[in-house]
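Written below as structure tokens is the structure these notes are about.
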Amino acid sequence: MRVLIVRLSSLGDVILVSSVLSPLKRAGIDVDLLTYAPFGELFKGDDRVSQIIEVTKERFKNLSAIRELAGELSGYSFVFDLHATLKTRLLTKFLPFQVYTYRKHSLLRRLMTVFKPLKSKWLFVPELYAQP
């Protein structure tokens with residue numbers, strides 16, 4: 001089985017992708033990562049990642065560029081969209097694979113910035129990445 005993980009930016013969030021790599025590798029799943037250049041450098045030499053697909057922001061400049069990128073992605077059993085932004089949601093709409101999208105809990109995250117005591121009780125990102 002081969003899966004694609006999509007997490008374009010930012011540096012810290014791309015690093016958090018590593019939390020899902022080991023469980024997938026242990027399950028015998030080949031993992032490819034789609035991210036912005038130069039963040040793919042973080043995973044070069046990491047045996048948990050079969051292929052690193054680095055793209056530039058130009059690949060998301062318009063709908064036809066996104067569709068073209070989607071056409072270049074093939075052979076996956078499913079896709080994990082861990083970025084869950086408009087551009088990655090558009091990309092996944094053009095993919096013929098089953099897509100699992102990370103739920104960001106945006107409202108709760110914003111409330112936690114106001115009400116600091118709530119922080120870290122519910123939003124531990126590596127655990128959220130692992131939720132179905």
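List the helices (runs of 4 or more DSSP H) that sit entirely inside the stretch 1-95 and contain at least 1 residues that are within 12 Å of the chain's Cα centre (by Cα) and surrounded by 15 or more Cβ atoms within 10 Å (Cβ to Cβ).
By residue number, 11-16, 18-26, 86-93.
Give all pairs with beta carbons closer than 7 Å in which a residue from the stretch 54-83 that is at positive phi meets a residue that is surrounded by 11 or more Cβ atoms within 10 Å (Cβ to Cβ) and in a loop (DSSP other than H, G, I, E, B); count only pairs at least 6 apart in sequence or on separate chains.
Final answer for the pair search is none.
Name, by its number, the condition in (1) under 16 Å from SER10 (Cα atoms); (2) modelled with pLDDT under 95 that does not hold for PHE43.
(2)
Could you grab me the full set of residues in the stretch 10-35 that are touching a helix residue (DSSP H, G or I) at 6+ places or on another chain (Cβ under 7 Å) and farther than 19 Å from PRO96 by Cα?
Across the stretch 10-35, the qualifying residues are LEU11, VAL14, ILE15, LEU16, SER19, VAL20, THR35.
The values are calculated or read from the model by the stated rules, or taken from the named source; none is laboratory data. Computed from a prediction, not measured in an experiment: that's the story for all the values here. Heads up, the Cβs are rebuilt from the backbone with ideal geometry, glycines too, and the neighbour counts pull from every protein chain shown.
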